[in-house]
Structure formats: structure tokens, C-alpha cells
Amino acid sequence: MRIKVGDLARSTGLTVRTLHHYDEIGLLKPSGRSDSGYRLYSEGDVARLHAIQALRHLGLALAEIGPLLDGSEAAPERVIEQQMHALDHQIRQATELRERLALMHGMLRKGGSPSMDDWVQTLSLMTTFGRYFEAGELKQILGAYVGVEQDWLQLQAEVRRYMDTGGGIDTWECQALTRRWTMLMVRWMGGNYALMNRWGAMFRQESKVRGQGGAPPTDMMEFMESAIELRVRLMQEHCGNVEFRLPPMPDAEAQAIDAEGQALLRAGERRDGAKAQALRRRWAVLLHKTCGGNTALFAKLATLHLGHPLLLAGLPLGREVREFLSPVDESA
């Protein structure tokens, strides 16, 4: 199978003029021509184009890329100091390129033997990813996806079922799903909000990545973004000017505190009793850990049950226990 120059340009985001230039300088010569004289590119040609673009992203000049790919000297002989600097630069570039190729290799392995469409689609996606992330960041993101993939796909299925019912974003069920969605993203990105923001920007601006490799489709992304915006707005109303970006709260610890609080409530324990005070201290320690020592944020999270009811949707500690563990006014 061979692909025409115009089709290759459209699929990869390059211009026909660029591909013509690569041909003219001998960097990427098409393997064939049509009866009408149009350039025709084989799978091997497209694979070489991927390598060229990867090296271009790393800052190599076109004059260096050809010899490097062809296995000859990448640059003229220089004095030793210049060679050392050049080699250091090339090592960094080669490491980055290898990471990009490893990512591509992993993507292609999942689909078996790469076809022309595989090469073109992967080249296009990697070019898109490369506009938002460095290779090391992509390696981190795609590597971490293995640990969240099953949870992510299951959550998308639940969101789809909810969307199919026609439910809105301002319900307890939707906001519980929203909390799971955001916390799963935080877990996936290792708590790096800068990565999360760029990942979200890529999905908003690049339609080609939606629905690919487990990514949610456009309608689901738009629905969940609206639900997240509502949750953020409610949190801003409660927190005011306090920064509230949080690492994931250890849900297992919070659930254990909730269970013990429920037991104390059923037993009729007083809020100022010894058991309640001990549990209150555990809850305060967990909150401080989540807030990273931010006392203003701690005060807002400790009174979250006084804010909009939807703020508690999906949280592991319910309203009853939160009220039970809220600070006791000993002067009263």
C-alpha cells in the first residue's frame, strides 16, 4: 500500500511543500510515482518521516538528520571540546528520541503488525502530543495509565449510563461521578496539576485525540467538563480566595473514620467524650495531611458540610460524621 503526498500531508499535519523539500534535499525520497507523476510513499517512507519529525522536535537541523538516519557522520570533525559538547547534546536528543520511539512501539504492539494507517495515525498523534508534552512527561503519563486503565474505563461506562438517562450535572449522582473522575485524574497525573491542565487543553483543542486509546469521546468530555466547572464554582463559593487544589485524600482512612464515627453515633457517644475527641484528632491529622499545612484551607475543609450540599457528593466522610467531628466549643 502506498499513500499520495497530499494525503500524507493532511494526515500528519505537515505541508505538501515540506514533503517536496524533503524529497529535493534527499532526506525523504518517495519510493514510487503514480502514472500521473504523483509522489507515492510506502510504509517504510512514513516510518522514516516519523523519525525525521521526532529528530526535528529535538532541535536537529535537517542537514544533521539525513546523515544520522543513514548511519554516516552526523557533523564534520571538530576539536575535542566541541565534539564533547556535540556528543552530550546528541545523547540527550537520542535519549529523548528513544523514549518517543518506545512510546510508539508500545502503542503499535497493542495493535499487532503496523499498517500504513497505524504509522500515519501514530505519527499524527505523537506529533500532537509533542506540542503539549516532552517525551519524559508522555512516558510518565502513558506509563501511569496502566495503573488506572480499568478504573478509567469502568468510570466512563458509568458516566455513559448516567448521560443516557438524561440526568443533569447538578445531581448528587452526577457530582459523585465527578469527584471520582477528578480524583482519578489526579491519581493518574501523580498530583501534577500542570500536566492535568495541559492534558485537558489538548483534549479541548485537538479533536483527533478524543475517543482514542480509552480516551473519552467528545460529548462525554464536554459533559464532564461542565460538571467539574460546577463543582469548582461551588468550592470557590465556599473557600473564597483560598487555594483548594488538593492531593487525593486517602479515601480508605477517611472511610475508616466515617465507619467509627457512625458507630459512636449509634452508641450515643457525646461529641465531647474521650472517644469522639480521639477520632476528631485523627480526622484533623488526615485533613492537615491533605491540606499540606495550609491552615486556611484546613478551616474550609473542616466546615465543608456547611457549604453547598453537592460538595459532599462522592466524599468518603458523610455529613453526620462531619458534624459530629466538627470542633466543640468548650466555652459554651
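The values are calculated or read from the model by the stated rules, or taken from the named source; none is laboratory data. Treat the numbers as computed from the prediction; the structure is a model and nothing was measured. Because the Cβ atoms are built from the backbone with ideal geometry, glycine has one as well, and the counts that use them run over all protein chains shown. When the accessible area is computed, the model is the full protein with side chains, heavy atoms only, and any ligands, DNA or RNA have been set aside. Shrake-Rupley method; radii C 1.70, N 1.55, O 1.52, S 1.80 Å.
Cβ separations smaller than 6 Å between residues 6+ apart or across chains give the following pairs from the range 181-210 residues that are closer than 20 Å to Met126 by Cα and outside any helix (DSSP H, G or I) to residues that are among the β-branched types (Val, Ile, Thr) and modelled with pLDDT under 85: Glu206/Thr128; Arg210/Thr218. Scan the range 29-48 for residues that are assigned to a loop (DSSP other than H, G, I, E, B) and either modelled with pLDDT of 90 or more or charged (D, E, K, R) (or both) and the total you get is 5. Report whether or not Leu14 is in a loop (DSSP other than H, G, I, E, B), surrounded by 13 or more Cβ atoms within 10 Å (Cβ to Cβ) and modelled with pLDDT under 90. In short, yes.
Tallying residues that are hydrophobic (A, V, I, L, M, F, W, C) and farther than 22 Å from Ala313 by Cα within the range 252-278 yields 5. Going through the range 159-180 one residue at a time, which ones are open to solvent by less than 20 Å² (accessible area, probe 1.4 Å), over 30 Å from Ala135 (Cα atoms) and in contact (Cβ under 8 Å) with a residue 24 or more places away in the chain? If the condition is that a residue be open to solvent by less than 20 Å² (accessible area, probe 1.4 Å), over 30 Å from Ala135 (Cα atoms) and in contact (Cβ under 8 Å) with a residue 24 or more places away in the chain, then Val159, Cys174, Gln175, Leu177 are the ones that fit. Do we find that His305 is in a helix (DSSP H, G or I) and either closer than 23 Å to Ala227 by Cβ or open to solvent by less than 20 Å² (accessible area, probe 1.4 Å) (or both) in this structure? Yes; evaluated as a whole, the condition is true for this residue. Beta carbons closer than 8 Å, at least 6 apart along the sequence or on distinct chains, pair a first residue in the range 252-268 that is of a type outside the set (Gly, Ala, Ser) with a second that is in a helix (DSSP H, G or I) and open to solvent by 40 Å² or more (accessible area, probe 1.4 Å) for Ile257/Arg282; Gln262/Glu320; Leu264/Lys275; Leu265/Glu320. When Gln212 is tested against (1) at pLDDT 90 or above; (2) surrounded by fewer than 17 Cβ atoms within 10 Å (Cβ to Cβ), just one condition goes unmet, and that condition is (1). Taken over the range 173-198, residues that are closer than 14 Å to Pro316 by Cα and among the small types (Gly, Ala, Ser) amount to 1.
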